[in-house]
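Everything below concerns the one structure shown next.
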Amino acid sequence: MRVDTRALALFFLLACIPPWIGWSLMTFGGVPQNAPYAPLLYITGWGCSAGGLVATYASEGRRGVLRLLGQALRVSVPVRWWLYVLLVPPAMQTCTALVSHAVARVPVTINPAALLSLATPAVLLPFFFGPFGEEFGWRGFLLPRFVQQFSVLPACLIVGVIEALWHWPLEYRLMGPLVWVAICMSFMIGAVYLRTKSLLLAMIMHWNFNSMLQLSPTLFPGGPVGGTSALAQWVGLVVMALFAALTIPALLAVERAEGHGLFEQFAREPPSK
């Protein structure tokens with residue numbers, strides 16, 4: 001499948017303009033984030049997934065859209081990838097907490113009951129505000145086309161940088177760490193998607209990363225964790241980079257198996273598979 005520059009332009013217009021307007025109104029325009037209509041501005045981030053679906057239709061037609069929708073429902077993947085998606089984000093947060101506590105010479109306290117909040121609306125709803133509203137764009141549309149153009153590792157790197165910059169109106173004060181985090185996540189989520197062709201797993205891993213960061217202060221109370229500690233932030237960035245580096249062999253295996261024909265192989269896939 002050739003790279004359709006018109007479809008790429010359409011994707012970036014739909015993915016960037018609505019959220020940048022909506023989020024800028026919240027951040028710079030004096031719209032209170034707790035206002036009743038603020039959620040409507042926040043979900044302009046769905047423009048990323050909407051852009052991915054619309055641009056896919058422009059590039060591949062109805063068949064391409066059905067393929068992406070089928071991938072968003074795909075659960076039949078090797079068990080090891082389910083384990084990777086479910087266990088790696090908690091493992092990363094645990095390593096970060098243990099190292100941070102050790103460096104700060106603070107006893108480690110674990111509150112397993114905090115994991116029960118994973119089933120609460122406050123933690124479940126962000127799945128739809130974030131991963132569901134983004135992954136049709138980042139992994140479903142953009143990543144395979146960049147793989148075709150640049151190969152696997154540069155494609156994951158570029159998608160990560162773009163994804164971080166896309167969040168600028170919301171996170172402009174934290175762009176340095178955010179770029180690093182987005183790149184690392186791009187390698188890990190990219191490996192999941194390219195190896196399984198499951199957008200559902202990509203969404204779940206994206207949500208799992210966000211949820212573990214949100215739960216960290218209550219899961220590991222009384223220590224330097226989460227966004228409140230510079231030490232935990234630096235340790236977390238290093239730990240995330242190490243975990244991301246471990247996915248490189250899996251990504252290279254994709255490239256060895258499919259090379260630049262990877263997306264053509266995706267496009268030939270029956271939508272209902």
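The values are calculated or read from the model by the stated rules, or taken from the named source; none is laboratory data. As the structure is a computational prediction, the values presented were derived from the model and not from experiment. A quick note on method: Cβ atoms are made from the backbone with ideal geometry, for glycine too, and the neighbour counts reach across all protein chains shown.
Among the residues of segment 85-121, the ones that are part of a helix (DSSP H, G or I) and of a type outside the set (A, V, I, L, M, F, W, C) come to 10 in all. When segment 96-128 is filtered for residues that are within 15 Å of N208 (Cβ to Cβ) and touching a helix residue (DSSP H, G or I) at 6+ places or on another chain (Cβ under 9 Å), the ones remaining, listed by number, are T96, A114, L115, S117, L118, V123, L124, P126, F127, F128.
Out of curiosity, is L14 under 25 Å from P169 (Cβ atoms), crowded, with 16+ Cβ neighbours inside 10 Å and modelled with pLDDT of 95 or more? Yes: the conditions hold for L14. Note down all Cβ pairs under 6 Å where the first residue falls in segment 183-208 and is on the phi > 0 side of the Ramachandran plot, the second is assigned to a helix (DSSP H, G or I) and of a type outside the set (G, A, S), and they're at least six residues apart or on different chains. Note: pairs meeting the criteria are K197/Q71. Residues that are part of a loop (DSSP other than H, G, I, E, B) and either under 17 Å from the mean Cα position of the chain (by Cα) or buried (at least 18 other Cβ atoms within 10 Å of the Cβ) (or both) occur in segment 197-204; there is at least one.
Tell me, yes or no, whether segment 190-203 has at least one residue that is aliphatic (A, V, I, L, M), touching a Ser or Thr at 6+ places or on another chain (Cβ under 8 Å) and within 23 Å of L246 (Cβ to Cβ).
Just the residues of segment 190-203 that are aliphatic (A, V, I, L, M), to begin with: 191-192, 194, 199-203.
When the remaining residues are screened for being touching a Ser or Thr at 6+ places or on another chain (Cβ under 8 Å), the result is 191-192.
Adding the requirement that they be within 23 Å of L246 (Cβ to Cβ) leaves 191-192.
Yes: segment 190-203 contains one or more residues that are aliphatic (A, V, I, L, M), touching a Ser or Thr at 6+ places or on another chain (Cβ under 8 Å) and within 23 Å of L246 (Cβ to Cβ).
Being in a helix (DSSP H, G or I), in contact (Cβ under 8 Å) with a residue 12 or more places away in the chain, closer than 20 Å to L125 by Cβ and under 20 Å from the mean Cα position of the chain (by Cα) is a property that I17 lacks. Against the list (1) surrounded by fewer than 17 Cβ atoms within 10 Å (Cβ to Cβ); (2) touching a residue at least 12 places away in the same chain (Cβ under 8 Å); (3) over 16 Å from F141 (Cβ atoms), the condition Q33 fails is (2).
Taking the conditions exactly as written (in contact (Cβ under 8 Å) with a residue 12 or more places away in the chain, touching a helix residue (DSSP H, G or I) at 6+ places or on another chain (Cβ under 8 Å), of a type in the set (A, V, I, L, M, F, W, C) and more than 23 Å from T96 (Cβ to Cβ)), does L213 satisfy them or not? Spelling it out, it is not the case that L213 is in contact (Cβ under 8 Å) with a residue 12 or more places away in the chain, touching a helix residue (DSSP H, G or I) at 6+ places or on another chain (Cβ under 8 Å), of a type in the set (A, V, I, L, M, F, W, C) and more than 23 Å from T96 (Cβ to Cβ). Picking from residues in segment 206-236 that are among the hydrophobic types (A, V, I, L, M, F, W, C) and either more than 17 Å from V85 (Cβ to Cβ) or not in a helix (DSSP H, G or I) (or both), the one that is modelled with the lowest pLDDT is V225. Within the bounds of segment 237-244, is there any residue that is free of Cβ contacts under 8 Å to residues at least 40 places away in the same chain, assigned to a helix (DSSP H, G or I), more than 23 Å from A122 (Cα to Cα) and touching a Ser or Thr at 6+ places or on another chain (Cβ under 9 Å)? Scanning segment 237-244, I find at least one residue that is free of Cβ contacts under 8 Å to residues at least 40 places away in the same chain, assigned to a helix (DSSP H, G or I), more than 23 Å from A122 (Cα to Cα) and touching a Ser or Thr at 6+ places or on another chain (Cβ under 9 Å), so the answer is yes. Just to verify a result, which residue in segment 69-117, among those that are of a type in the set (S, T, Y) and over 24 Å from the mean Cα position of the chain (by Cα), is surrounded by the most Cβ atoms within 10 Å (Cβ to Cβ)? Of everything passing the filter in segment 69-117, S100 is surrounded by the most Cβ atoms within 10 Å (Cβ to Cβ).
Does segment 75-84 contain any residue that is among the small types (G, A, S), out of contact with any strand residue (DSSP E or B) (no Cβ under 9 Å at 6 or more places or on another chain) and assigned to a helix (DSSP H, G or I)?
Going residue by residue through segment 75-84, those that are among the small types (G, A, S) are 76.
Those still in the list that are out of contact with any strand residue (DSSP E or B) (no Cβ under 9 Å at 6 or more places or on another chain) too: 76.
Adding the requirement that they be assigned to a helix (DSSP H, G or I) leaves none.
No, the conditions are met nowhere in segment 75-84.
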